[in-house]
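Shown next, in structure tokens, is the structure this report addresses.
Nothing in this text is a laboratory measurement; each read-out follows from the coordinates by a stated rule. Just so it is clear, the model here is predicted, and its values are computed rather than measured. For neighbour counting, all protein chains shown are included, and Cβ atoms are generated from backbone atoms with ideal geometry for every residue, glycine included.
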Ligand code: SAH
């Protein structure tokens, strides 16, 4: 086992995992994602390197590397790895370099951790303060430090840090929020599930000089995007 500077041995064991949380188990997940159509090696590498078992309750840790969403409390879920991988891959298919990303719906911070390994700066908004607090503590502990956090309403975006090269939304509104569109850089993309509880489409909206181009991939299921902020 290689040593990681700044970590004690028991922290290294926890991070690298054993049994159902081991590197071998993670590799199996990555192989499955590849078979299911994820092509980006840098996205797959980030998934392989991210200890998803540390983002969920210990009692569920044995399921961490199955390709499913899992509950994280407060009626919210950690996204399915395939969906995280797909959205991240789509984000990087933009025609501009993607350095600065806005994430809406921090949740437990798993998607944030993936993005943090692939871009210079992640700005993440979560409406439930107590949920975001756990991510604020967990992510720096695990070495993901290029992240700014806001307990706020993602419908407003993050005005003082716009424009963003990419915007990734992890909760589903019934239509694409106008304010978020306005915070995209030219050439940037927003990846967002749109629809009501039963039926959502994943939309890929690209901003260009002549307007917005929208592509649709169907068949995703996210928690609803709700107005307002909670402590
Ligand atoms: N990104 C997470 C998944 C989060 S689930 C992962 O990696 O697993 C979606 C999250 O979006 C929930 O935590 C929910 O509270 C949050 N959310 C819903 N509506 C929101 C809004 N308007 N602004 C910010 N966050 C919102």
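Condition check: more than 10 Å from the ligand (Cβ to nearest atom), over 26 Å from residue 156 (Cα atoms), crowded, with 21+ Cβ neighbours inside 10 Å and within 16 Å of the chain's Cα centre (by Cα). Does residue 38 satisfy that?
no
Determine whether region 90-100 contains at least one residue that is within 17 Å of residue 45 (Cβ to Cβ) and out of contact with any strand residue (DSSP E or B) (no Cβ under 9 Å at 6 or more places or on another chain).
no
From the residues in region 178-195 that are without any contact (Cβ under 8 Å) to a residue 24 or more places away in the chain and touching a strand residue (DSSP E or B) at 6+ places or on another chain (Cβ under 9 Å), which one is surrounded by the fewest Cβ atoms within 10 Å (Cβ to Cβ)? Full working, then the answer.
Residues of region 178-195 without any contact (Cβ under 8 Å) to a residue 24 or more places away in the chain: 178, 184, 194-195.
Checking which are touching a strand residue (DSSP E or B) at 6+ places or on another chain (Cβ under 9 Å) leaves us with 184, 194-195.
On the way: 184: 23, 194: 22, 195: 19.
The extreme case among them is 195.
Looking at 227, 146, which one is in contact with a helix residue (DSSP H, G or I) (Cβ under 7 Å, 6 or more places away or on another chain), within 16 Å of the ligand (Cβ to nearest atom) and more than 20 Å from residue 86 (Cα to Cα)?
After ruling out the rest, the residue left standing is 227.
Could you check residue 98 against (1) more than 28 Å from residue 180 (Cα to Cα); (2) away from the ligand (no atom under 15 Å from the Cβ); (3) part of a loop (DSSP other than H, G, I, E, B); (4) in contact with a helix residue (DSSP H, G or I) (Cβ under 7 Å, 6 or more places away or on another chain) and say which number it fails?
Unmet for residue 98, out of (1) more than 28 Å from residue 180 (Cα to Cα); (2) away from the ligand (no atom under 15 Å from the Cβ); (3) part of a loop (DSSP other than H, G, I, E, B); (4) in contact with a helix residue (DSSP H, G or I) (Cβ under 7 Å, 6 or more places away or on another chain): (1).
Take residues that are more than 26 Å from residue 90 (Cβ to Cβ) and tell me which of the helices (runs of 4 or more DSSP H) falling wholly in region 1-70 contain 1 or more.
Working: elements: 9-16, 23-35, 41-49.
Fully inside region 1-70 and qualifying: 9-16, 23-35.
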